[in-house]
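Notes to accompany the following structure.
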């Protein structure tokens, strides 16, 4: 058991996050702890790196430009063996996204901010159960957004069918989606400023 823990302590890690500062900070912190670390700012670059690097652990942000972190989890679990540990680290934590990530094969789910020791512990075999830590209660608008996203996923992205399932007019659903998407874009633009 001790050898297994020591081997895990040196596991190669891939960090996938579009936040350059956070990513570089995590790379330095994991490198100081003896890990071989690679980094990617997008799902596409993460997949390219995985083909040559073969990490044992992957730390994934949920919301990135282009593709979502959940898409990366799904592809990694399909392409590579089950020994690959994936931990989601997100600033937009919710119960619905935690459940979705876990169903796709994530080992753990953490919300930002967190520390490196908590991240390392979340990869560990020593945990009895997969956990969802730091998930804040949702506001009413967040609950509505999560429900709309679930129904849209269940309807394979078909807005007309989703609107019918939700019992609202298609245009009302489109307005809600456009308003929420512009809110997310504004948050990203504020982060860049």
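Quick look at the values:
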quantity: Neighbour-count order for 71, 38, 78, fewest beta carbons within 10 angstrom listed first; calculated: 78, 71, 38
quantity: Footprinting exposure proxy for 24, 42, 94 (fewest neighbouring C-beta atoms within 10 Å first); calculated: 24, 42, 94
quantity: Mean Cα-pair separation over length for segment 1-125, i.e. relative contact order, pairs under 8 Å, 6 or more apart, %; calculated: 22 percent
quantity: In nm, spacing of pseudo-spin labels at residue 27 and residue 45 (7 Å Cα→C-beta vector); calculated: 0.8 nm
quantity: Simple label model, 7 Å out from Cα along Cβ direction - residue 92 to residue 67, nm; calculated: 1.7 nm
quantity: Additional length obtainable on full extension of the chain from residue 178 to residue 53, 0.36 nm per residue less Cα span; calculated: 41.2 nm
quantity: Spherically averaged projected area in nm², based on the convex hull that wraps the Cα atoms of segment 45-102; calculated: 3.9 nm²
quantity: Footprinting exposure proxy for 25, 97 (fewest neighbouring C-beta atoms within 10 Å first); calculated: 25, 97
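Every number in this text was worked out from the coordinates using simple rules, so none of it is lab data. Predicted, not measured: the structure shown is a model, and the values here were computed from it. Quick reminder, even Gly has a Cβ in these numbers, built from the backbone with ideal geometry, and neighbours come from all protein chains shown.
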